[in-house]
Amino acid sequence: MYTTLEMLIDGRFGRFGSTVAEPVLNPATEQPLAELPHASRDDLEAAVAAAERGFAVWKATSAYERCRIMRKAADLMRSRLEAIATVLTLEQGKVIAEARAEVATSIDILEWYAEEGRRAYGRIVPGRVAGVRQMVLKEPVGIVAAFTPWNFPALTPMRKIAGALGAGCSIILKASEETPGTAVEIARCLQEAGLPPGVLNLVFGVPAEVSAHLISHPKVRKVSFTGSTAVGKQLAKMAAETMKRTTMELGGHAPVIVFDDVDVEAVAKVAAAGKYRNAGQVCISPTRFFVHESRYGAFLKCFTEIASSLKLGDGLDPTTQMGPMANARRLEAMDMFVADAKARGATVTTGGERPANQGFFYKPTVLADVPPEAKVMHEEPFGPIAPIVPFRNFDEVVERANGVAYGLAAYAFTNDEKRATAIADALQWGMVGINSLAVSTPETPFGGIKDSGHGSEGGIEGLEAYLNVKFVSQA
Ligand code: NAD
């Protein structure tokens with residue numbers, strides 16, 4: 001059911017010069033699924049050389065033809081959706097329905113960029129002198145080095161691959177070593193669809209070594225990273241040395257503000273479904289819940305009931321509602337966040353521990369009355385923990401909601417239109433959902449501010465991220 005793990009360099013799949021074999025684990029069982037090869041330094045150099053040749057070919061390929069190949073790859077992915085989703089669940093743990101939805105969204109993204117690449121319009125600016133033509137042209141930036149994490153093994157690679165290919169760039173992707181199989185499956189579809197050799201290259205290795213090599217390489221012109229803020233800052237510094245363009249999709253700490261005029265039970269249902277999706281390992285996951293004091297008790301009760309009723313298990317079991325965490329590091333982090341909050345006076349209304357079975361499972365957890373200084377209120381938990389606290393008034397909750405270093409996504413629920421506009425204006429975040437947690441679609445910009453990074457993936461902005469502007473003045 002799993003896949004053969006290989007790298008892709010210059011249109012060929014293989015283990016190349018790998019002398020290292022890293023086990024990939026199934027987080028539901030902790031059993032190894034396969035061994036992952038690591039790129040040698042020569043392999044990385046070969047990938048850059050291949051990407052250079054691939055760029056020359058792909059840039060000269062018409063946007064119409066690029067679109068045709070990308071759409072063919074999307075069709076192949078659609079025909080293999082069940083197999084790819086199974087690989088994704090095996091290596092990452094999320095429930096199979098979520099894995100299917102992730103693969104379907106990734107196909108959607110590929111098709112969207114295939115089309116949008118045909119609309120990389122420039123413009124003509126009227127000249128100051130008769131007969132002068134002033135042209136603003138869009139050109140692909142060149143070779144892209146992309147680094148993706150383990151929480152969305154299809155979606156995060158696809159955002160970068162599709163954006164780069166749609167713009168006419170070549171790309172070297174280092175997908176997560178913990179969830180490599182999905183990226184391999186995607187790469188196979190693109191190669192089989194007729195992508196010229198070297199346009200997409202896929203490598204694995206020690207993340208710090210691969211990123212140092214590729215980011216310092218003078219031939220690489222763009223870096224796109226999704227992962228933690230700490231690593232993003234290191235990579236951005238490195239990219240500055242060779243003045244590369246960067247897109248940084250980093251962590252989040254989404255506040256959810258629930259005003260007093262809503263149906264609290266309905267909102268609790270939506271909020272809990274969002275919180276425990278992918279066991280909370282989502283950068284836009286609803287994270288801190290601020291509920292108006294007059295509705296606090298009702299919301300907490302309802303949310304706790306939903307959390308405690310969720311069925312944990314292997315993601316491949318169709319009755320499972322929440323899978324394991326993706327790796328053992330997250331379990332340790334959950335234990336730390338809960339212990340810290342309890343020590344500072346928070347109450348655990350459900351969960352707060354690991355269930356007594358094998359696999360990286362952690363119970364859906366709700367923390368009530370959490371003091372602001374608790375770590376979970378300002379460090380990204382990236383797991384199934386929901387701190388729920390009361391608030392009194394608009395200004396106070398805005399200050400608390402904005403009062404962290406992150407700026408990715410924020411949410412608010414209200415039926416009052418004026419208040420909806422006011423809160424959307426007051427929230428200093430890159431994406432704001434009002435009465436909705438849906439802030440991620442292929443055609444809309446996805447990205448953060450402050451410590452959550454910079455740049456957007458998705459929307460026309462996502463294509464612009466892979467395009468340079470060239471001005472031509474022709475007399
Ligand atoms: P981490 O910070 O070491 O790694 C985060 C990601 O970056 C991983 O995919 C890792 O392979 C990669 N990485 C690490 N060092 C790298 C380097 N020098 N060069 C290139 N890539 C590198 O820790 P982690 O335990 O994997 O994740 C911890 C935290 O990361 C989470 O709590 C969460 O805050 C954040 N995270 C965010 C996202 C996101 O979607 N924005 C995804 C995964 C993890």
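Nothing in this text is a laboratory measurement; each read-out follows from the coordinates by a stated rule. Just so you know, these numbers come straight off a predicted model, no measurement behind them. Don't worry about glycine lacking a Cβ; one is built from the backbone with ideal geometry, like all the others, and counts go over all protein chains shown.
The calculated FRET efficiency for ALA212 paired with VAL57, based on their beta-carbon distance and R0 = 30 Å, is about 0.60. Per-residue Karplus couplings for the stretch 59-72, computed as 6.51 cos²θ - 1.76 cosθ + 1.60 with θ equal to phi - 60°, are listed in order as 5, 7, 7, 5, 4, 5, 6, 4, 4, 4, 5, 5, 5, 5 Hz, Gly and Pro entered as x. Here is how the number arises for the chain: DSSP H runs of 4 or more residues each give -39500 (n - 2.57), the sum is divided by the residue count, and the result at 222 nm is -12500 deg cm²/dmol.
With the simple spin-label model, which puts each label point 7 Å out from Cα in the Cβ direction, the MET243 to ALA475 separation comes to 2.6 nm.
Near TYR411, once Lys and Arg are set to +1 and Asp and Glu to -1 for all other residues with Cβ below 12 Å from its Cβ, the sum equals +2.
Within 15 Å, Cβ to Cβ, of LEU137, how many net charges do the neighbouring residues add up to if Lys/Arg are +1 and Asp/Glu are -1? Overall, the nearby charge balance is +4. In the chain, the longest principal axis of the Cα atoms and the axis of helix 296-309 are about 70 degrees apart. Other residues with beta-carbon under 12 Å from the beta-carbon of ALA101 carry, at +1 per Lys or Arg and -1 per Asp or Glu, a net charge of 0. Principal-axis analysis of the Cα atoms of the chain puts helix 229-241 at an angle of about 20° to the longest axis. With all pairs of separate Cα atoms included, the chain yields a Kirkwood hydrodynamic radius of 23.1 Å. Of the peptides 106-112, 386-392, the ranking by mean beta-carbon count within 10 Å, highest at the top, reads 106-112, 386-392. Sorting the segments 333-339, 274-280, 155-161, 214-220 by their mean number of nearby beta carbons within 10 angstrom, highest to lowest, gives 155-161, 274-280, 333-339, 214-220.
Rg/Rh for the stretch 190-248 stands at 1.02; both radii use Cα atoms, and Rh follows the Kirkwood definition. Sorting the segments 52-61, 138-147, 39-48 by their residues' average number of neighbouring beta-carbon atoms within 10 angstrom, most packed first, yields 138-147, 39-48, 52-61. Within the chain, antiparallel bridges make up roughly 40 percent of the DSSP beta bridges whose residues both belong there. Using a cut-off of 31 Å between Cα atoms, the listed pairs LYS237/LYS342; LYS59/LYS94; LYS311/LYS418; LYS59/LYS237; LYS174/LYS275; LYS269/LYS342 include LYS237/LYS342; LYS59/LYS94; LYS311/LYS418 as exceeding that distance. For the chain, the longest principal axis of the Cα atoms and the long axis of helix 417-426 meet at an angle of about 60 degrees.
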